[in-house]
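The values are calculated or read from the model by the stated rules, or taken from the named source; none is laboratory data. Predicted, not measured: the structure shown is a model, and the values here were computed from it. With ideal geometry, Cβ positions are generated from the backbone for all residues, glycine too; neighbour counts draw on all protein chains shown.
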Amino acid sequence: MPDLAELLDVLTFRAGFNTSLVVAGTALLGLAAGVVGVFALLRQRALMADALSHATLPGIAIAFLAAGALGAQGRTLPVLLIGGAISGVLGVVCVQAMLRHTRLREDAAIGIVLSVFFGVGIVALSYIQAHAPAGSAGLTRFIYGQAATMQPSDVRLMGTIAAIAILCTLLLLKEFALVCFNDAFAKVDGWPISFIDLAMMALVVLVTVAGLQAVGLILVVALLIIPPVAARFWTDRLWALVLLAGGLGALSGYLGSVLSALLPRQPAGAVIVLTAGAIFAVSMIFAPARGVLASSIRRLRLRLRIAGEHLLEAAHDENAVELTPDRIGRVARLRGWSSPFRILVLASLRRQGLTRTAPSGLVLTAPGVDRGAQVSRKHALWAQYLISYADVAPSHVDWSVDQVEHVLSPALVAELESKLASRGITVPPPPSTHGANA
Amino acid sequence: MTTLAYAFDFGLDLFPLLAGTLAAITCGLLGNFLVLRRLSLMGDAISHSVLPGLVIAFLIVSTRSPIAMLLGAAGAGVLTVVLVELIKKYGRVEAGAAMGVVFSVLFALGVLLIEQAAVRHVDLDADCVLHGQLETLVWFDAPATLAELFRVETLAHVPRQVWTLAGMCAAAFVFVGLFYKELRLAAFDPALSTTLGFHAGFMHYLLMVFVAAATVAAFEAVGSILVIAMLICPGATARLLTDRLGAQIAWSVALAALAGIGGYLGATAIPELFERDAVNAAGSITVAAGVLLTLAIIAAPRYGLITKALRRRRMARTITRDDLLATLYRIEEAAPGSRAEPVAIRELTARFPARPLRAAARDAARRAFVHADAHGLTLTEAGRQAASELVRRHRLWEHYLVEHVGLHPDHAHPTAEQLEHLPPQPPPGPTTDPHGREIPR
Amino acid sequence: MSTIVHPPSAHPKPGSLGERPEHSPDSPLSVHAMTVAYHRKPVLWDVDYDAPPNKLIAIVGPNGAGKSTLIKACLGLVPRASGQVEFWGEPYRKARARIGYMPQRESVDWDFPVSALDVVAMGRYRKIGWCLPVMKKHKAAALACLERVGMGEFAHRQISQLSGGQQQRVFLARALAQEAELYFMDEPFAGVDAGTERAIVGVLRELRAQGATVVVVHHDLQTVPEYFDEVILLNMRVVAAGPVASVFTRTNLHKTYGGRLTLLSEAAEAVARAAGGGE
């Protein structure tokens, strides 16, 4: 097991040139993929990127063969990547053609191109391997990635591609956002949406082809999809989303390759993707904006507030100020509260200062009495409205009132009052014991 | 031409051929429902994400026990579906992105675990995952001829993998056979299916479990990545050939078998023609499936591109011929005394482009609708009948469009021009059209 | 079998549609004999219309009548099978800068990570130009538009947190930000509360006062006489069009909503099948 000193060395780029190269290269890749991937996600083309990456394989193999046939050294990275890019784009073109000219749907078209192109690539690769022209040994690394063998030139290439991708995205940020949000409006406004879509696709191709070497074609789509999806949980603003997706992508690359350097034998691509996955899981659960935990807590708070108001209302309607165990029990049974929930409700009421503990038991404070009265009034208003305007039979009123009475805003209450007043119905506001209104 | 140096070697080729073809058929059969329900990409996701299930099964059992592998795959399949649904629902993430997250993370996990397996000297390597290892499946004591294959002693020595695949194939057929109407209903209308008591969610999971199991069974043959081609291509190809589900399933099985056999033979025989070593069989099967699909796209009898183009051209020719007849009729009508006089071609070139006009004239003459000679064209009695019917429809449509639809008479004419050639009959009308001309009976 | 022969473009018979509307070069919107097909099936037959300038114009008709299609075909979002559309006598691409568009609310994913202000600012992008960022002055202009629709305080609210009526107002503000002379609005009143409806009508009247023309796809027949000056009654073809007072009659409404066009729909299906070959 690596120790702390080793860990720090790797983290701070002191663990040797090669390791530092890999860490830097994959971090840059993650940055570019995160930034570009935001718009693939928003345009709902995430899996098109998957088809694209699988479709690069035949291009790489054919580029290798072609370069060899022309006498050049077949293994040079730019040549292979260009071949990959061309066949990747060809794959996307095939998908579009299938959508336009046959009755096949998008999912089938993407799956077909993905697998058939990949199959062609595998056949080509096996041909190359069987006839073993020089330098073919490393071609399979494009499938799983082999970040560990990154050269300085590769990192420079990665850096250049990352810079281009980020620059283009920043320049065209508002155009991309416009087309992703409402392409009909963009078209009417005179924007060339095909060109903008093409630019987005070109950036995806660029990043995909750059990532082939680091994480391989099967997993490069992970870097395009996972960081933006993870970042979405943290923010609702586009700028922040782009920055954060890039940051999380870079973090995945950085941490992932650090970990894989410390644990030899673990293929870097897989570790990077798993790191990204872990970041995603943490984001989905713990992010305060849209994370599952935060949403659950918000929902619970709302339920507690409503439940508390039911108790207050019950007390008010019986003209009492105590919350006797009897009264609480009755409401709890009626609404099916579990015991833990009941405890939480009472605690919440106490925390909001709506009840206090008196020698005789649980007692409503003045604000508590006010609130109970207000909720009761809203109940009456809404019930009257349903009966008078919506022709709901009085016996059916209670259910929907139950839901609605807690969420009527002051504006809505005012509108209710005026509507009922026009029919001569009034529900008098409760006298305030304290002058405080909700 | 070099003599065909290729000979089917039962020892080397029968086993892989069987394995590849059985795998193809199984996946092709199940894939029909994925394609119908637009879940092809779920098949893609599952075929990637069974990997960790497989490897974990290996690590636990330490041998390639088919039961363990199938269980591992089924578990991974269910896990995939569950995770995707969770992420879609609680993360408010769209379906494609959710699948992308799940399958790539699970696949990465699988790749990692393969390394672990290698450490423990369990024999499972990454290439196998990609494209299987059909070439290495050797059947010792294979029958030497086709006749021998069907002897009982031979069957006792069939390799385990073929039995597994055959078993899986049979299970798939049984599944589809038993649940045919439920699968069909759930594919077409999941909501109705659930209300009728065939819980659509359950059918969904069941289908995915079978897909996962098929992926794993085909694993050794074509690798888990190329399975997706066999899941989608035969079904998609069959979709282009027919509209009925039963026919589609039959076609997809046939096409899958064809791809399996053709792909395998192509991988071994074609390189031998050029005196090269065989290429990867699984990839070749995939390519064969793709070729069949492309052929269908181009040449399918109803939906193929060629057929559609031919149909359009035929329709255009018919319309031109009919227009020619109708024009000749109207010329006759406008000058009642000129019935027997031929109409010179050049009088008509104002309205028709030259080449279609000549073709239409030839066609009309062939059907004895017109009499063509050096002076021009004359309507025969049969031609007059046909033309009068056309003109009748045209003028009735014009009447309807002006009186009931409210089109301006100037515009009723071009619209009626289109409609007169098409099946619906115009509603009955008066004896004169909006322009005051008589409507023939 | 005697025949009476009249030259082709005879006088229209009584009972049929009246004179073809004159197409004036000043008209903000001139549609000539436009037919539109969806997947080769004609959905709009031979539409002929001239919009008078500086009016509020409603397009009404039953479901599937082609109201949205009419707007989309004018704007080039949907291809035309035949016919022409001119704006102040010019083709669309020349007149684009003077046209504003408010699409249907359902046409976007409201969970998109932008604020109300961001959406309204999109209406100014043409003026900002390629690659340049949205500067303070553009944001101020966008904010002004939001305030016109009564949404000033929601400028930085994420759009998924807005109610349906508020979202509709944001879309309206975006169209206003385009600073146009001719506006197309697709169902701006769909699913909005009374307050939003009042606000939108107020904005429409302001626009008219400023000299703009507004064409609105509207679904609520009750409010047509109150809100609009002109109306187009549409059911796959123009049944009647003109000032509300004269055209919005019971007879015309009956013709529009009466549903006697099954034969036309059948014919449309036949055209589609013939052209597409059963796709």
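Yes or no, residue by residue, for (1) away from chain B (no Cβ under 12 Å); (2) over 30 Å from C:Pro103 (Cα atoms); (3) of a type in the set (Lys, Arg):
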{"position": "A:Ile143", "(1), (2), (3)": "no, yes, no"}
{"position": "A:Leu157", "(1), (2), (3)": "yes, yes, no"}
{"position": "A:Leu172", "(1), (2), (3)": "yes, no, no"}
{"position": "A:Ala177", "(1), (2), (3)": "yes, no, no"}
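Would you please name the residue that is farthest from the chain's Cα centre (by Cα), looking only at residues in the stretch A:87-126 that are within 24 Å of A:Arg141 (Cβ to Cβ), at the interface with chain B (Cβ under 7 Å from one of its Cβ atoms) and not hydrophobic (A, V, I, L, M, F, W, C)?
In this case the residue turns out to be A:Ser126.
Which condition number does B:Leu86 fail, the rest of (1) modelled with pLDDT of 90 or more; (2) farther than 30 Å from A:Phe233 by Cβ being met?
Only one criterion in (1) modelled with pLDDT of 90 or more; (2) farther than 30 Å from A:Phe233 by Cβ is unmet by B:Leu86, namely (2).
Just need a number here: residues in the stretch B:1-56 that are within 21 Å of B:Pro159 (Cβ to Cβ) and modelled with pLDDT of 90 or more.
Residues that pass the stated criteria total 7.
With modelled with pLDDT under 85 and surrounded by 18 or more Cβ atoms within 10 Å (Cβ to Cβ) as the only criterion, which of C:Pro7, C:Pro28, C:Pro42 stands out?
Exactly one residue qualifies, and that residue is C:Pro42.
Can you pull out the residues in the stretch B:272-284 that are within 9 Å of another protein chain (Cβ to nearest Cβ) and modelled with pLDDT under 80?
B:Arg276, B:Asp277, B:Ala278
Give B:Arg314, B:Arg302 a once-over and let me know the one that is at pLDDT below 90, out of contact with any Asp or Glu (no Cβ under 6 Å at 6 or more places or on another chain), within 14 Å of chain A (Cβ to nearest Cβ) and surrounded by fewer than 17 Cβ atoms within 10 Å (Cβ to Cβ).
B:Arg302
Condition (residue is more than 20 Å from A:Val123 (Cα to Cα), under 23 Å from the mean Cα position of the chain (by Cα) and assigned by TED's automatic domain parsing to the domain that holds B:Leu390) applied to the stretch B:312-320: is it met by at least one residue?
Yes - at least one qualifying residue is present in the stretch B:312-320.
Any idea which of B:Thr378, B:Thr349 is crowded, with 16+ Cβ neighbours inside 10 Å and either under 17 Å from B:Thr320 (Cα atoms) or in contact with a Leu (Cβ under 9 Å, 6 or more places away or on another chain) (or both)?
Among B:Thr378, B:Thr349, only B:Thr378 is crowded, with 16+ Cβ neighbours inside 10 Å and either under 17 Å from B:Thr320 (Cα atoms) or in contact with a Leu (Cβ under 9 Å, 6 or more places away or on another chain) (or both).
Tally time: how many residues in the stretch A:272-288 are more than 10 Å from every other protein chain (Cβ to nearest Cβ), in a helix (DSSP H, G or I) and not aliphatic (A, V, I, L, M)?
Count: 1.
Table: residues versus (1) more than 20 Å from B:Glu332 (Cα to Cα); (2) within 11 Å of another protein chain (Cβ to nearest Cβ).
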position	(1), (2)
B:Asp363	yes, no
B:Arg384	no, no
B:Arg395	no, no
B:Leu401	yes, yes
B:Thr415	yes, yes
B:Gly436	no, yes
B:Pro440	no, yes
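Conditions (1) surrounded by 16 or more Cβ atoms within 10 Å (Cβ to Cβ); (2) assigned to a loop (DSSP other than H, G, I, E, B); (3) in contact with a Pro (Cβ under 8 Å, 6 or more places away or on another chain); (4) at negative phi, marked per residue:
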{"site": "A:Gln266", "(1), (2), (3), (4)": "yes, yes, no, yes"}
{"site": "A:Arg290", "(1), (2), (3), (4)": "yes, yes, no, yes"}
{"site": "A:Ala294", "(1), (2), (3), (4)": "no, no, yes, yes"}
{"site": "A:Ile297", "(1), (2), (3), (4)": "no, no, no, yes"}
{"site": "A:Arg301", "(1), (2), (3), (4)": "no, no, no, yes"}
{"site": "A:Gly308", "(1), (2), (3), (4)": "yes, no, no, yes"}
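Being more than 46 Å from the chain's Cα centre (by Cα) and either surrounded by 13 or more Cβ atoms within 10 Å (Cβ to Cβ) or not in a helix (DSSP H, G or I) (or both) is the filter here, so list the residues in the stretch A:318-336 that pass it.
Answer for the stretch A:318-336, where residues must be more than 46 Å from the chain's Cα centre (by Cα) and either surrounded by 13 or more Cβ atoms within 10 Å (Cβ to Cβ) or not in a helix (DSSP H, G or I) (or both): A:Glu318, A:Asn319, A:Ala320, A:Val321, A:Glu322, A:Thr324.
Any idea which of (1) among the β-branched types (Val, Ile, Thr); (2) in contact with a helix residue (DSSP H, G or I) (Cβ under 7 Å, 6 or more places away or on another chain); (3) not in a loop (DSSP other than H, G, I, E, B) is the one C:Val216 doesn't satisfy?
Status for C:Val216: all satisfied but (2).
Within the stretch A:256-271, restricting attention to residues that are within 16 Å of A:Val220 (Cα to Cα) and more than 8 Å from chain B (Cβ to nearest Cβ), which residue is modelled with the lowest pLDDT?
A:Ala268
For the stretch A:41-86, give me each residue that is polar (S, T, N, Q), modelled with pLDDT of 85 or more and either surrounded by fewer than 18 Cβ atoms within 10 Å (Cβ to Cβ) or under 30 Å from C:Phe112 (Cβ atoms) (or both).
Residues satisfying the conditions are A:Gln44, A:Ser53.
Kindly provide the set of residues from the stretch B:382-416 that are of a type outside the set (A, V, I, L, M) and either without any contact (Cβ under 8 Å) to a residue 24 or more places away in the chain or outside any helix (DSSP H, G or I) (or both), ordered by number.
Those that are of a type outside the set (A, V, I, L, M) and either without any contact (Cβ under 8 Å) to a residue 24 or more places away in the chain or outside any helix (DSSP H, G or I) (or both): B:Gln385, B:His404, B:Gly406, B:His408, B:Asp410, B:His411, B:His413, B:Pro414, B:Thr415.
Of the numbered conditions (1) more than 14 Å from the chain's Cα centre (by Cα); (2) more than 30 Å from C:Ile159 (Cβ to Cβ); (3) surrounded by 17 or more Cβ atoms within 10 Å (Cβ to Cβ); (4) modelled with pLDDT of 90 or more, C:Pro52 satisfies every one except a single condition; which is it?
C:Pro52 satisfies all of (1) more than 14 Å from the chain's Cα centre (by Cα); (2) more than 30 Å from C:Ile159 (Cβ to Cβ); (3) surrounded by 17 or more Cβ atoms within 10 Å (Cβ to Cβ); (4) modelled with pLDDT of 90 or more except (3).
Against the conditions (1) touching a helix residue (DSSP H, G or I) at 6+ places or on another chain (Cβ under 9 Å); (2) within 13 Å of another protein chain (Cβ to nearest Cβ), where does C:Ala73 fall short? Just the number, please.
(1)
Please enumerate the residues belonging to the stretch B:387-417 that are of a type in the set (A, V, I, L, M) and surrounded by 21 or more Cβ atoms within 10 Å (Cβ to Cβ).
Answer for the stretch B:387-417, where residues must be of a type in the set (A, V, I, L, M) and surrounded by 21 or more Cβ atoms within 10 Å (Cβ to Cβ): B:Ala387, B:Val391, B:Leu396, B:Leu401, B:Val402, B:Val405, B:Leu407, B:Ala412, B:Ala416.
Determine, yes or no, whether A:Ala186 is without any contact (Cβ under 8 Å) to a residue 40 or more places away in the chain, in a helix (DSSP H, G or I), surrounded by 20 or more Cβ atoms within 10 Å (Cβ to Cβ) and at negative phi.
Judged against the criteria, A:Ala186 is a match.
Please verify whether the stretch C:129-152 includes one or more residues that are touching a residue at least 12 places away in the same chain (Cβ under 8 Å), facing another protein chain (nearest Cβ under 8 Å) and closer than 30 Å to C:Ser27 by Cα.
Checking the stretch C:129-152: not a single residue is touching a residue at least 12 places away in the same chain (Cβ under 8 Å), facing another protein chain (nearest Cβ under 8 Å) and closer than 30 Å to C:Ser27 by Cα.
State all residues of the stretch A:216-234 that are in contact with a Pro (Cβ under 9 Å, 6 or more places away or on another chain) and either part of a helix (DSSP H, G or I) or more than 14 Å from chain B (Cβ to nearest Cβ) (or both); if no residue qualifies, say none.
A:Gly216, A:Arg232
Tell me which of these B:Arg346 doesn't satisfy, since it passes every other one: (1) part of a helix (DSSP H, G or I); (2) in the same structural domain as B:His131 (by TED's automatic domain parsing); (3) of a type in the set (Lys, Arg).
Among (1) part of a helix (DSSP H, G or I); (2) in the same structural domain as B:His131 (by TED's automatic domain parsing); (3) of a type in the set (Lys, Arg), B:Arg346 violates only (2).
Would you mind stating whether B:Ala387 is over 24 Å from B:Gln425 (Cα atoms) and of a type in the set (A, V, I, L, M)?
The answer is no for B:Ala387.
Considering only the stretch A:133-144, I want to know if a residue exists there that is of a type in the set (A, V, I, L, M), modelled with pLDDT under 95, under 33 Å from the mean Cα position of the chain (by Cα) and in a helix (DSSP H, G or I).
For the stretch A:133-144, residues of a type in the set (A, V, I, L, M), modelled with pLDDT under 95, under 33 Å from the mean Cα position of the chain (by Cα) and in a helix (DSSP H, G or I): present.
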